[in-house]
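To start, the structure under review is shown below, and the notes come after it.
The values are calculated or read from the model by the stated rules, or taken from the named source; none is laboratory data. Owing to the predicted nature of the structure, the values given are computational and were not obtained by experimental measurement. Glycine also receives a Cβ, built like all others from the backbone with ideal geometry; neighbour counts cover every protein chain displayed. All accessible areas refer to the heavy atoms of the entire protein, side chains included, with ligands and DNA or RNA removed. Shrake-Rupley method; radii C 1.70, N 1.55, O 1.52, S 1.80 Å.
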Amino acid sequence: MTDDCLFCKIVAGEIPATIRFRDDSVIAFEDLNPQAPTHLLVVPRTHVRDIVELGQDPQLAGAFVAGVRATAAELGLTAFRTVFNTGAEVGQSVFHVHAHLLSGRPMGWPPG
Ligand code: 5GP
Ligand code: ZN
């Protein structure tokens, strides 16, 4: 738990969220401002700043990817997009690593 981290507070249950999946390593909850019919945020239970820091701990990184897979399976998603914003310049606004898990509509490429 890191003070003043929004997602640590959601993990701790101090701020409400609609949680769709949880295991020992991750929780997945609905984004407050969804950009697709399904838009979840998958976060590790422990505080990690971004995917760069996550990649320094292969065990945690592996558990996290398994959690993304399990979330998609739980929701029955077979086609989905995962996005990691890393750095404020590209849109990261919460500095607790999270995979955006988006599904349920056609998506263009390249992304904006
Ligand atoms: P980022 O911009 O860091 O990639 O993504 C942060 C995401 O967190 C945004 O999509 C935003 O809508 C979402 N968000 C911000 N505050 C809250 C909140 O209090 N609850 C939930 N469920 N999502 C939030
Ligand atoms: Zn945190």
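Can you tell me which residue within the range 55-96, out of those that are open to solvent by 70 Å² or more (accessible area, probe 1.4 Å) and touching a residue at least 40 places away in the same chain (Cβ under 8 Å), is farthest from ligand 1 (Cβ to nearest atom)?
Filtering the range 55-96 for residues that are open to solvent by 70 Å² or more (accessible area, probe 1.4 Å) and touching a residue at least 40 places away in the same chain (Cβ under 8 Å), the one farthest from ligand 1 (Cβ to nearest atom) comes out as GLU74.
Taking the conditions exactly as written (away from ligand 1 (no atom under 14 Å from the Cβ) and of a type in the set (D, E, K, R)), does ASP24 satisfy them or not?
So ASP24 passes the test.
Which residues, taken from the range 34-51, are more than 10 Å from ligand 1 (Cβ to nearest atom) and part of a strand (DSSP E or B)?
Correct list: THR38, VAL42, PRO44.
With the requirement that a residue be open to solvent by 80 Å² or more (accessible area, probe 1.4 Å) and either touching a His at 6+ places or on another chain (Cβ under 6 Å) or in contact (Cβ under 8 Å) with a residue 40 or more places away in the chain (or both), what does the range 41-52 give you?
Hit for the range 41-52 is ARG49, nothing else.
Does the range 93-100 contain any residue that is among the polar types (S, T, N, Q), within 16 Å of ligand 2 (Cβ to nearest atom) and touching a helix residue (DSSP H, G or I) at 6+ places or on another chain (Cβ under 7 Å)?
The answer is no, given that none of the residues of the range 93-100 is among the polar types (S, T, N, Q), within 16 Å of ligand 2 (Cβ to nearest atom) and touching a helix residue (DSSP H, G or I) at 6+ places or on another chain (Cβ under 7 Å).
Restricting attention to the range 89-108, which residues are in contact with a Lys or Arg (Cβ under 6 Å, 6 or more places away or on another chain) and closer than 21 Å to ALA63 by Cα?
Scanning the range 89-108 gives PHE95, LEU102.
What number of residues within the range 7-40 satisfy the criterion of being buried (at least 16 other Cβ atoms within 10 Å of the Cβ) and within 12 Å of ligand 2 (Cβ to nearest atom)?
Qualifying residue count, the range 7-40: 6.
If I go through the range 1-21 residue by residue, how many of them are more than 9 Å from ligand 1 (Cβ to nearest atom) and either assigned to a loop (DSSP other than H, G, I, E, B) or closer than 12 Å to THR71 by Cα (or both)?
The qualifying residues number 11.
Which of the residues belonging to the range 52-96 are under 11 Å from the mean Cα position of the chain (by Cα) and either of a type outside the set (Gly, Ala, Ser) or part of a strand (DSSP E or B) (or both)?
Result: PHE64, VAL65, VAL68, THR71, THR82, VAL83, PHE84, ASN85, VAL94, HIS96.
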